[in-house]
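The values are calculated or read from the model by the stated rules, or taken from the named source; none is laboratory data. Just so it is clear, the structure is predicted and the values come from calculations on it, not from any experiment. Please note: Cβ atoms are built from the backbone with ideal geometry, for glycine as well, and neighbour counts cover all protein chains shown. These area figures cover heavy atoms from the full protein model, side chains too; ligands, DNA and RNA do not enter into them. Shrake-Rupley method; radii C 1.70, N 1.55, O 1.52, S 1.80 Å.
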Amino acid sequence: MKKAEKIGIIAALCGIILLFLIASTDFVLEENRKEVYTIAFVTDGSADDRFQSLRKGMEKAAKKWNVDLVVDAPYLSGNAAEQEAAIEEAVENGAQAVITVPADQVQMEKFLDQSKLQVPVITLEKELHSEKKFGAYIYDSEKSAKKLARAVLEEKKDASVALYASDVSAKETANCLDILEKELEDGGCTVIRRQYRQGFEIEGEVVVAADPYTFSQIVNLQKIPDRLYGIGCSNKMLTLLEEGKVCAAVICNEYDKGYLSVEAAMKSIQNGTRQRTVKMEQVLVRQENLYDKEYEALLFPIS
Amino acid sequence: MNRKFYQKWNAFYSKVSLRYVIWGAFTLTALLGAVLMGTSFYNRFSLQLQGIVEKQNRALIEQVNNTLTSELRNIMRISDSLYFSVLKSEENVPVEEGFALLYDTNKSSIQNIALFSKEGDLLVSAPAAKLKPGVDVTKEAWFQNAVTQTENQHFSRPHVQNLFVNSKGNYAHVLTLSRMVQVPDAYEVQDGVLLIDLKYEQLESIFKNVSLGEEGYIYLVDGAGNLIYHPQQQLILDGIEQENHEKASAYKDGVHDEVFEGQHRKVTIKSVGYTGWKIVGVVSDKAAQLSTVKNIIFLIALVMSFMLILSIINSYISKKVTIPIEHLEGAVKRIAEGDLETTIEERGAYEISHLGRSIRKMKVRIKKLMEDIVREQEIQRKNELDTLQSQINPHFLYNTLDIVVWMVENEKPQDAVRALTALARFFRIGLSKGKTIITVRDEIEHVKNYLTIQKMRYKNKFEYYFEVEEEVLELSTLKLILQPIVENAVAYGMEFQDGDGEVFIKAYLKEEKLIFQVVDNGPGIMPERLEEIRAGKVVSSKKGSGIGMRNVGERIQLAYGKEYGIQIESEPDEGTCITLTQPKIAYGQEGELL
């Protein structure tokens, strides 16, 4: 047998053995191996029920994408520094992406720009202007403001309205406040802006919470304003809405927001894809249409 | 185009070794066979696997159906118990107690039990609860169904329980079973609606953990195509995911093929009793296939193993067949280059060994023929040299000139002239301008001139006679074949004669052959010597011209073949007869040896 033929046979034999090893063992190719991804969801510290539907959506996406969803929150509600520490800790513990509801938009932007974090960050409710931002799911501040203003004016045109917000430096919040103020004043109302602070009393004939954090904090107070409007959704808010203690709320599909945010985080981890900012569809819900069929799926997601 | 390809193919094929052609053909055929067989088996196994998977899925869905039906029947039995054992009980069991008892017993699966009047007033509930302000149950679908279709129990679609005050803030999803009932007299009404809210999670638990393979799932749909349960229900309601539930609700029980969003799927349908619902099992066509990456790699490895083994066997067989051919080819090549001593092996298959044997015989024959040619050419060359030499044989010349001198000295000028004339003619014909073929006439003339001189030399010891047929005179003959024979007859036959020696020279045709015969009445040749002469063992004598009989015989055979030549007959004391045979060829005719 010629030398070339011998070499060919030996090479073929080696190739066959290798292929059999690959096909029969997991040394080279692990077919059914599913990689587990870790994604951290760091809230702004507001009440858990605010994120109930959101987390249902997140968990649904986590199951689909084989994600280990780690939920964390600052000890003090709305504390930006603690939130940043929680994010850092989550990344140190292996989180491959972070979804967060920034307590303070400007501070969060600074933090991300200055930090050494190398993971994609998806934000909810606020849009960051940072290199590290890989996507955002927010309310349409203009539409929300107009819907709320209309709801207030439909009930009383010349009311004295207090606009509450916590993170007034946030672009969406600032925009919402501006439009609300303008619409209400154009409608004949007197408008006063107030910074929401924990522990401080809420005052005003009509109170409008211009961001979801503020809204969720106010609905959990012992003494709730008589006429309360707001942006955002929680079980407590729905109960109050049903009881008539909340007059109207602008709500988006929290379940979808949670699902899509995890999906976006996954795509960022896998491909480095950056999602554009998504403005969620929102509806104005009152007591009378709370159980309308068209809103049932949005307000009460099946999980 | 085909012709070009064909030419290129032929050019390539002629350069490829037979061994590799055989190996390649066998290996390719085996590969095709392996691929064909592999594909057939794969398809067959795939089909069988699909069948098994379908069967298992049907069994699984049947099981789920049984569980679901059992659960629904259980709720319906509770409803019957509430109606017949509580509401219509003749034992005056307090309705609230009956309701509470049945609720407590089944609260793991029941959210609420309630009895409403036909006007929508809450009469009894378990657990005890208040209706939410502003709630009008008469507008609810479950109420209207119960009121309009009084003979049946009705299951609603999943919905959020929104009837009772919810102090905990839980918004549970439920399925409502409603029926028209006869309300006891205590409530001063006649008809009412009995409601049982089945916890949606109870239904969900039946379906949640059912798996139809990696990408398979089952869902529940009502007769109108509305989803009752789906693993992706919320996403479908929100429009993020899609499902073909509306079409599936119209399928009959059994297995159906469908294409949805570009994916081929097998859909198994099973109707649920009492409700008009359908369980839909969805399995992707890919799920029952063997074509995972590892399976494909395994298949490739298997085919490669098979091909390697076959390749080795093919190589061995083709080598076994072609090596003897290669040896033969090498041997033939060496023979063509002139090496007739090369060894030719007779091995391999029958045809090859037979071929080797034939080539070896051919080689031997070629060698012999070449040797014959060399020998014949050697003889011819020698004969030509001898003939050339004889043309200027000095002994004959000296002797003849001696005779002439003696004649001149003895004042016999006429004889001298005759002798010299004969000598001149002898040499003229003998040379014949270098021709090897002359006419019979010239050959006879040559002999006559020779005999004229020899008679003078031998002092008339013998007489010679010519008997030449007229018709042979213009035929062709080899030059200088008759004279050597006559020379022998004179030299050996007439030497001791005393005037009565006779030499007859005849030339005639017999059976289309030219016959020269020289007969003498000399002492003859002894038999032993005659045999030696016939065997060619006697070296020709240098008497006379020096050519000799052997030379003549060889020349005739060289020129005309073995059927011609020289024959010697001799009897001691009787004489000798030598016959030369040549073919009859007219002088200058085609076929003549020049």
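If you go through region B:553-589 and keep only what is among the aromatic types (Phe, Trp, Tyr) and in a loop (DSSP other than H, G, I, E, B), you end up with B:Tyr564, B:Tyr587.
A quick yes/no check of all residues on (1) within 30 Å of B:Ile317 (Cα to Cα); (2) in contact with a His (Cβ under 7 Å, 6 or more places away or on another chain); (3) open to solvent by less than 100 Å² (accessible area, probe 1.4 Å):
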residue: B:Thr343; (1), (2), (3): yes, no, no
residue: B:Gly348; (1), (2), (3): yes, no, yes
residue: B:Glu351; (1), (2), (3): yes, no, no
residue: B:Lys361; (1), (2), (3): yes, no, no
residue: B:Val364; (1), (2), (3): no, no, yes
residue: B:Ile373; (1), (2), (3): no, no, yes
residue: B:Gln380; (1), (2), (3): no, no, yes
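Name the one entry in B:His264, B:His327 that is in a strand (DSSP E or B) and of a type outside the set (A, V, I, L, M, F, W, C).
Working: B:His327 fails: in a strand (DSSP E or B).
After applying the criteria, what remains is B:His264.
Each residue in region A:251-284 was checked for being surrounded by fewer than 23 Cβ atoms within 10 Å (Cβ to Cβ) and in a strand (DSSP E or B), and 7 pass. Evaluation of B:Leu299 against the conditions (1) open to solvent by less than 60 Å² (accessible area, probe 1.4 Å); (2) more than 17 Å from B:Leu18 (Cβ to Cβ) shows that the sole unmet condition is (1). Every listed requirement among (1) open to solvent by 90 Å² or more (accessible area, probe 1.4 Å); (2) modelled with pLDDT of 85 or more is met by B:Leu388 save one, (2). Scanning region B:45-92 for residues that are among the small types (Gly, Ala, Ser) and part of a helix (DSSP H, G or I) gives B:Ser46, B:Gly51, B:Ala59, B:Ser70, B:Ser79, B:Ser81, B:Ser85. With respect to the conditions (1) over 15 Å from A:Lys143 (Cα atoms); (2) over 23 Å from the mean Cα position of the chain (by Cα); (3) crowded, with 20+ Cβ neighbours inside 10 Å, A:Glu243 lacks only one, and its number is (3).
Checked against (1) surrounded by fewer than 12 Cβ atoms within 10 Å (Cβ to Cβ); (2) in contact (Cβ under 8 Å) with a residue 12 or more places away in the chain; (3) outside the structural domain of B:Asn145 (by TED's automatic domain parsing), B:Arg19 passes all but condition (1).
Determine, yes or no, whether B:Ser79 is more than 60 Å from the chain's Cα centre (by Cα), closer than 30 Å to B:Ser271 by Cα and open to solvent by 20 Å² or more (accessible area, probe 1.4 Å). In short, no. If only residues of region B:256-312 that are of a type in the set (Lys, Arg) and more than 18 Å from B:His230 (Cα to Cα) are counted, the one that is nearest to the other protein chains (Cβ to nearest Cβ) is B:Lys294. A:Gln217 - would you say it is in a helix (DSSP H, G or I) and more than 14 Å from chain B (Cβ to nearest Cβ)? Judged against the criteria, A:Gln217 is a match.
The single condition among (1) farther than 30 Å from B:Pro94 by Cβ; (2) open to solvent by 20 Å² or more (accessible area, probe 1.4 Å) that B:Gln202 does not satisfy is (1).
With a requirement of 3 or more residues that are closer than 30 Å to B:Tyr217 by Cβ and within 11 Å of another protein chain (Cβ to nearest Cβ), the helices (runs of 4 or more DSSP H) lying completely within region A:1-106 that satisfy it span A:52-65. Can you name every residue in region B:222-244 that is open to solvent by 50 Å² or more (accessible area, probe 1.4 Å), closer than 18 Å to A:Lys60 by Cβ and more than 12 Å from every other protein chain (Cβ to nearest Cβ)? Answer for region B:222-244, where residues must be open to solvent by 50 Å² or more (accessible area, probe 1.4 Å), closer than 18 Å to A:Lys60 by Cβ and more than 12 Å from every other protein chain (Cβ to nearest Cβ): just B:Gln242.
Taking strands (runs of 3 or more DSSP E) that do not extend beyond region B:116-221, which have at least 1 residues that are in contact (Cβ under 8 Å) with a residue 60 or more places away in the chain, closer than 18 Å to B:Gln232 by Cα and away from chain A (no Cβ under 14 Å)? Because the criterion is at least 1 residues that are in contact (Cβ under 8 Å) with a residue 60 or more places away in the chain, closer than 18 Å to B:Gln232 by Cα and away from chain A (no Cβ under 14 Å), the strands (runs of 3 or more DSSP E) in region B:116-221 that meet it are B:217-221. Does B:Ser318 meet the test of being in contact (Cβ under 8 Å) with a residue 12 or more places away in the chain, more than 30 Å from A:Leu21 (Cβ to Cβ) and within 12 Å of chain A (Cβ to nearest Cβ)? It is true that B:Ser318 is in contact (Cβ under 8 Å) with a residue 12 or more places away in the chain, more than 30 Å from A:Leu21 (Cβ to Cβ) and within 12 Å of chain A (Cβ to nearest Cβ).
Strands (runs of 3 or more DSSP E) fully within region A:126-201 that include at least 2 residues being crowded, with 22+ Cβ neighbours inside 10 Å: A:133-139, A:160-165. Looking at A:Glu263, is it within 30 Å of B:Leu163 (Cβ to Cβ) and not aliphatic (A, V, I, L, M)? No, not satisfied.
Would you pick out the residues in region A:51-70 that are within 22 Å of A:Glu89 (Cβ to Cβ) and open to solvent by less than 30 Å² (accessible area, probe 1.4 Å)? Don't jump to the end; show me each part of the working.
So the first thing to find is which residues in region A:51-70 are within 22 Å of A:Glu89 (Cβ to Cβ), and the list is A:51, A:54-55, A:58-59, A:62, A:67-70.
Within region A:51-70, A:Phe51, A:Leu54, A:Met58, A:Ala62, A:Val67 qualify.
Here is the figure for region A:270-303: residues that are in the same structural domain as A:Lys257 (by TED's automatic domain parsing), of a type in the set (Ser, Thr, Tyr) and modelled with pLDDT under 85 total 1.
Against the definition (in the same structural domain as B:Glu512 (by TED's automatic domain parsing), aliphatic (A, V, I, L, M), surrounded by 13 or more Cβ atoms within 10 Å (Cβ to Cβ) and at pLDDT below 90), how does B:Ile444 come out, yes or no? Spell out how you get there, then give the answer.
Details: in the same structural domain as B:Glu512 (by TED's automatic domain parsing): yes; aliphatic (A, V, I, L, M): yes; surrounded by 13 or more Cβ atoms within 10 Å (Cβ to Cβ): yes; at pLDDT below 90: no.
No; evaluated as a whole, the condition is false for this residue.
So which of A:Ala12, A:Ala85, A:Ala80 is of a type in the set (A, V, I, L, M, F, W, C), within 18 Å of the chain's Cα centre (by Cα) and surrounded by 12 or more Cβ atoms within 10 Å (Cβ to Cβ)? Outline the logic, then answer.
Details: A:Ala12 fails: within 18 Å of the chain's Cα centre (by Cα); A:Ala85 fails: within 18 Å of the chain's Cα centre (by Cα).
One residue alone meets the criteria, A:Ala80.
Scanning region A:263-285 for residues that are away from chain B (no Cβ under 12 Å) and over 16 Å from A:Lys132 (Cα atoms) yields A:Val278, A:Lys279, A:Gln282, A:Val283, A:Leu284, A:Val285.
Please go through region B:87-111 and give me each residue that is open to solvent by less than 90 Å² (accessible area, probe 1.4 Å) and modelled with pLDDT under 90, ordered by number. Residues satisfying the conditions are B:Leu87, B:Ser89, B:Val93, B:Pro94, B:Val95, B:Gly98.
Quick check: is even one residue across region B:130-151 of a type in the set (Val, Ile, Thr), in contact with a His (Cβ under 7 Å, 6 or more places away or on another chain) and on the phi < 0 side of the Ramachandran plot? Explain how you work it out, then say what you get.
Filtering region B:130-151 for residues of a type in the set (Val, Ile, Thr) gives B:135, B:137-138, B:147-148, B:150.
Right, trim to in contact with a His (Cβ under 7 Å, 6 or more places away or on another chain) and you get none.
No, region B:130-151 contains no residue that is of a type in the set (Val, Ile, Thr), in contact with a His (Cβ under 7 Å, 6 or more places away or on another chain) and on the phi < 0 side of the Ramachandran plot.
Checked against (1) free of Cβ contacts under 8 Å to residues at least 60 places away in the same chain; (2) assigned to a loop (DSSP other than H, G, I, E, B), A:Leu228 meets all criteria but (2).
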